[in-house]
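Taking it in order: structure first as structure tokens, then the write-up.
The values are calculated or read from the model by the stated rules, or taken from the named source; none is laboratory data. This is a predicted model, so every value here is computed, not measured. When we count neighbours, we look across all protein chains shown, and the Cβ atoms used for this are built from the backbone with ideal geometry, even at glycine. Side chains are part of the model used for accessible areas, which takes the heavy atoms of the whole protein and leaves out ligands, DNA and RNA. Shrake-Rupley method; radii C 1.70, N 1.55, O 1.52, S 1.80 Å.
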Amino acid sequence: MTFEKIAGGLTFPEAPRWHDGALWLSDMHAHAVLRLDPNGTPTTVAEVPGCPSGLGFLPDGRMLVVSMHDRRVLRLDPDGLREHADVSGLAPWHCNDMAVDANGRAYVGNFGDDSAPPAPPAPTVLIAIEPDGRARAVADELMFPNGIAVTGGGKTLVVAETRSVPGRLSTFRILPDGGLGDRRVLTEFGAGELPDGIVLDADGGIWVAMPFSGEVVRVSPAGAVTERIKIESAYAVALGGPDGRDLFVCTAPSWVPEEAARLRGGAVLRTRVEIPAAGTAAA
């Protein structure tokens with residue numbers, strides 16, 4: 001499988017989302033949210049001093065972005081960024097990835113604490129934010145909840161627990177009020193396979209970025225790994241393009257903020273896959 005580089009010179013590209021005919025992403029340590037047109041030409045759509053991470057979109061098309069360091073979710077209104085929710089009283093440390101469902105409810109993860117591997121992290125919560133900005137913890141005892149996705153017609157949430165041992169994907173049933181129940185482990189990975197960003201395809205499969213084992217993998221709805229693609233330092237993935245079959249992979253030579261900002265070796269790569277994005281009818 002071959003990859004085409006569609007964007008480079010980035011610090012640390014994260015949280016790619018295909019939306020409205022373009023790829024949106026956070027260039028984290030440049031403090032910018034970018035929109036890449038189909039040719040990869042970037043436009044800065046927002047600047048986030050608190051370090052942008054997870055992205056999502058409300059039903060009316062307005063963008064939500066996680067501001068990591070001040071533990072807020074911001075909303076891009078026509079007149080600029082506004083605070084959508086302050087979750088600093090719920091998240092014990094930096095926030096990171098986010099998924100926004102079809103109703104505009106956002107699910108946000110966080111680091112748990114300021115530790116770094118090989119030290120174990122503190123177990124932490126997953127936060128739900130209603131469209132009006134009300135926030136609450138809806139799950140606990142998660143080990144660095146990272147990539148998040150909503151699947152099954154809004155009935156199931158999948159979360160990558162990056163620093164569980166072993167690394168794993170966990171699922172929850174989404175309750176009518178947006179709470180989470182019936183937690184189970186979908187799959188556990190091997191030594192050194194730490195799951196980061198995730199994206200769902202139309203068959204219920206989950207593409208998972210594995211930055212430290214140098215690959216992206218596809219996990220079936222039953223939890224089996226069905227594909228492995230070798231690619232160095234892949235931190236996040238998205239599916240999109242005109243037919244939903246473009247797999248975008250965000251890579252970076254370092255996750256350390258100072259190094260990433262100095263090296264500017266971050267890139268967005270693209271390849272083709274057989275099964276399109278969730279919500280895309282298969283041809």
Any idea of the accessible area per residue across the chain, 1.4 Å probe, to the nearest Å²? 41 Å²
Across the alpha-carbon set of the chain, Rg over Rh with Rh taken as the Kirkwood radius works out to 0.92
Calculate the spin-label point distance for N103 paired with R272, positioning each point 7 Å from the Cα along the beta-carbon direction, and give it in nanometres. 3.9 nm
MRE, 222 nm, helices only [DSSP H, n ≥ 4, -39500 (n - 2.57), over the chain, to nearest 500]: -500 deg cm²/dmol
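Counting only protein heavy atoms and a 1.4 Å probe, tell me what percentage of region 137-283's accessible area is made up of carbon and sulfur. Don't skip to the end; give the middle numbers.
Numbers: 3150 of 5980 Å².
Answer for region 137-283 is 53 percent, counting heavy atoms of protein chains only.
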Which distance in Å, rounded to a whole number, links the C-alpha centroids of region 84-153 and region 212-283? 21 Å
In a GNM of the chain with a 10 Å cut-off on Cα contacts, which of A135, A224, A160 has the highest mean-square fluctuation? A224
With the cut-off at 1.5 for a/c, could you classify region 173-245 from its C-alpha gyration tensor as rounded, prolate or oblate? oblate
Extend 7 Å from the Cα of D113 along its Cα-to-C-beta direction; within region 66-101, residues with backbone N under 19 Å of that point are 89-96
First compute the accessible area of region 1-131 with a 1.4 Å probe, then give the percent of it belonging to carbon and sulfur atoms. 50 percent
Packing-wise, with mean Cβ within 10 Å as the measure, how do 143-151, 32-40 rank, highest first? 143-151, 32-40
Rotationally averaged projected area of region 1-98 (alpha carbon convex hull; nm²): 7.1 nm²
